[in-house]
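Take a look at the structure below.
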Amino acid sequence: MALRKILTQGDPALEKQCRPVEKFDRKLHWLLDDLKETLTTAGGVGLAAPQIGILRRVVVVEDENEELLELVNPVIVGQEGKQEGWEGCLSVPNQYGWVDRPSLVTVRAQDRDGNFFEVTGEETVARCFCHELEHLDGHLFVEHAGKLYSPDEIDAMEEEKEKKEEFSRRRKKKR
Ligand code: NI
């Protein structure tokens with residue numbers, strides 16, 4: 001296994017359409033292992049092959065049990081509901097945007113040996129499925145976000161919101 005460099009926004013590899021995997025060979029297994037090691041080291045929840053410069057339809061996503069799912073040639077086959085929330089990307093360091101996603105997403109994919117399976121994710125996992133699969137078509141989450149914020153700016157906004165809520169709670173008590 002080897003740690004790979006994560007490419008950042010502006011790199012042409014992140015804007016390319018990725019090709020399907022046809023051979024479920026040792027090379028694919030190395031790619032999956034490298035993706036997992038790179039993701040774990042970076043402390044993220046999902047990573048797509050183009051983010052390390054490999055233009056193949058392969059992603060890894062952390063599931064709700066903190067296990068890494070390997071998704072080869074993944075396709076979204078079902079989605080329900082809506083969630084709103086902050087979203088970030090290892091290829092867009094230190095910048096987060098508010099992005100709407102479905103709250104439940106089902107993906108059909110192949111495992112490292114080519115066997116087909118389906119997996120359903122909720123909330124963060126559903127968000128991650130959408131985000132990672134878009135990487136395979138050369139898209140970044142920033143296309144769905146309005147303004148991007150740094151973690152410090154988000155903390156400041158959350159603090160401001162809490163202060164306002166506290167103020168309105170106190171005002172209600174007095175009446
Ligand atoms: Ni990303």
Item checked: Computed [θ] at 222 nm, deg cm²/dmol, the chain (DSSP H ≥ 4; -39,500 (n - 2.57); rounded to nearest 500) -> -10500 deg cm²/dmol
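For segment 12-120, state which trypsin sites (Lys or Arg not before Pro) are in a DSSP loop and have at most 10 other beta carbons lying within 10 Å of their beta carbon. Before the final figure, lay out each step's value.
On the way: sites: 16, 23, 26, 27, 36, 56, 57, 82, 108, 112; in loops: 16, 23, 57, 82, 112.
Passing both the DSSP loop test and the Cβ count: 23, 82.
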Note to self: Can you tell me which aspartates and glutamates have their Cα less than 19 Å from the Cα of residue 16? Leave out same-chain residues fewer than eight positions away.
What the structure shows: 132, 134, 137, 143
Notebook entry, point to check: Reachable lysines from residue 23, Cα under 20 Å, same-chain residues fewer than 8 places away excluded?
Noted result: 36
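Going by the alpha-carbon gyration tensor, a ≥ b ≥ c the square roots of its eigenvalues, is segment 6-67 rounded (a/c under 1.5) or, if a/c is not under 1.5, prolate (a/b greater than b/c) versus oblate? Numbers along the way, then the final one.
Working: a/c = 1.86, a/b = 1.12, b/c = 1.66.
Because a/c hits 1.5 or more and a/b fails to exceed b/c, segment 6-67 counts as oblate.
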Margin query: Let me test this: with uniform point scatterers at the alpha carbons of segment 53-175, what is the Debye-based log₁₀ I(q)/I(0) at q = 0.22 1/Å?
Written below: -1.28
Checklist line | Relative contact order, percent, the chain [alpha-carbon distance under 8 Å, six or more residues apart] | finding: 22 percent
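If you place +1 on the Cβ of every Lys and Arg, -1 on the Cβ of every Asp and Glu, and leave all else neutral, what size is the dipole of segment 1-137 about its Cα centre, to the nearest 20 Debye? Don't jump to the answer; show the numbers that get you there.
Working: 15 positive and 25 negative charges, 136 e Å.
With Lys and Arg at +1 and Asp and Glu at -1, about 660 debye.
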Next item on the list: Arrange 130, 89 by Cβ neighbour counts within 10 Å, fewest through most, would you?
Entry: 130, 89
Next item on the list: Considering the options 72, 13, 41, tell which one lies farthest towards the positive end of the dipole of segment 10-98, charges being +1 on Lys and Arg and -1 on Asp and Glu at the Cβ, about the Cα centre.
Entry: 13
Notebook entry, point to check: What are the semi-axes of the equivalent ellipsoid for segment 1-117, taken as the square roots of 5 times the Cα gyration tensor eigenvalues, largest first, in whole Å?
Noted result: 22, 19, 14
Next item on the list: Just need the relative contact order of segment 96-174 here, percent rounded to a whole number, with Cα pairs under 8 Å and 6+ apart.
Entry: 31 percent
Check: For the residue pair residue 154 and residue 27, what label-to-label distance in nm results when each label sits 7 Å from Cα along the Cα-to-beta-carbon direction?
Finding: 3.7 nm
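Tell me whether segment 88-151 comes out rounded, prolate or oblate; compute the Cα gyration tensor, take square roots of the eigenvalues as a ≥ b ≥ c, and use a/c under 1.5 as the rounded threshold.
Numbers: a/c = 2.71, a/b = 1.90, b/c = 1.43.
Because a/c hits 1.5 or more and a/b exceeds b/c, segment 88-151 counts as prolate.
Among 142, 77, 61, 125, which comes first, then next, by fewest other beta-carbon atoms within 10 Å? Display every interim value, and only then the final one.
On the way: 142 18, 77 12, 61 28, 125 21.
Neighbour counts put them in this order, fewest first: 77, 142, 125, 61.
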Note to self: Could you tell me the center-to-center distance, by alpha carbons, between segment 53-99 and segment 116-140 in angstrom?
What the structure shows: 4 Å
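Readers should treat all values here as calculations from the given coordinates under stated rules, not as data from a laboratory. The shown structure was predicted, so the numbers you read here are calculated from the model rather than taken from an experiment. As a convention, Cβ positions derive from the backbone with ideal geometry for all residues, glycine included, and neighbour counts pool all protein chains shown.
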